[in-house]
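Novice: Structure below; questions to follow.
The values are calculated or read from the model by the stated rules, or taken from the named source; none is laboratory data. Fair warning: this is a prediction, and the values are worked out from it, not measured in the lab. Please note: Cβ atoms are built from the backbone with ideal geometry, for glycine as well, and neighbour counts cover all protein chains shown.
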Amino acid sequence: MQIAVVDLGVGNLRSVKQAVTTVADNADVILTSDASQIAQADKVVLPGQGAVGTWFNELKERGLEQAISTALDEKPMLGICVGMQALFDYCEEDGGQQGLSLFNGSVRHFEHFHADRSAEDERLKIPQMGWNSVFQLRDHPLWHGIDDESYFYFVHSYCANSAPDADLGMVYGGADYGHKFIAAVGRDNVFAVQFHPEKSHDNGLKLLKNFTDWNGKA
């Protein structure tokens, strides 16, 4: 089995690759920006960190739009952080960016939801940077062996929110940082998380292990 970690030049890509390699028994894990290698891989990890505009620019400049679109349709894929945000309809970062629209909803800055927070929440800094518990809203193979409300590591200033008419069956996990937001989302062969499993110690490694064992069916 071959697992492709998509290289868009942003984020802690080698840490992602190393974490997947650690849990992927008998798998060939490659870090690549080659469309043909992504097409040939059995599974794909779509990471990202930083600004979503830069992420999409790199996707286009490296000629990977079609390869990612095809992978989203055909093989097990795990999105991480910006790699999750890019799958929604719209992100307001960088002046506004149309997403890949796999999931209905928008990605907005925490400041929209923290403006009226109580005095006891003043300690909440933006970006959220650190550990937060994730509540599981429904079962999924990638949650196997991970307790509800387990802690994962987050680094982000923008958070995903469902559209009013969205299918809430797509939301598999949430978290609260002065505002409840989407922490995990899934559809068919795609699962994506806002947190960084590669930085989340045992829980993160367990989720990555579950991904390497996953057949792409919820």
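Novice: When the residues of segment 171-199 are narrowed to those that are surrounded by fewer than 23 Cβ atoms within 10 Å (Cβ to Cβ) and not in a strand (DSSP E or B), which ends up farthest from the chain's Cα centre (by Cα)?
Specialist: Here the answer is Gly178.
Novice: Mind checking which residues of segment 133-148 are among the small types (Gly, Ala, Ser) and more than 17 Å from the chain's Cα centre (by Cα)?
Specialist: Gly145
Novice: Mind listing just one residue for me: the one in segment 115-135 that is modelled with pLDDT under 95 and among the polar types (S, T, N, Q) and, of those, nearest to Asn189 (Cα to Cα)?
Specialist: Among residues in segment 115-135 that are modelled with pLDDT under 95 and among the polar types (S, T, N, Q), the one nearest to Asn189 (Cα to Cα) is Gln128.
Novice: Looking at segment 1-26, which of its residues are in a loop (DSSP other than H, G, I, E, B), surrounded by fewer than 17 Cβ atoms within 10 Å (Cβ to Cβ) and of a type in the set (D, E, K, R)?
Specialist: Asp25
Novice: Another one. What is the residue count in segment 33-60 for residues that are surrounded by 19 or more Cβ atoms within 10 Å (Cβ to Cβ) and not small (Gly, Ala, Ser)?
Specialist: The total comes to 11.
Novice: Could you grab the pairs with beta carbons closer than 9 Å, sequence gap of 6+ or different chains, first residue in segment 2-15 and at positive phi, second one assigned to a strand (DSSP E or B)?
Specialist: Gly11/Ile80
Novice: Considering only segment 200-217, how many residues are crowded, with 18+ Cβ neighbours inside 10 Å and aliphatic (A, V, I, L, M)?
Specialist: 2
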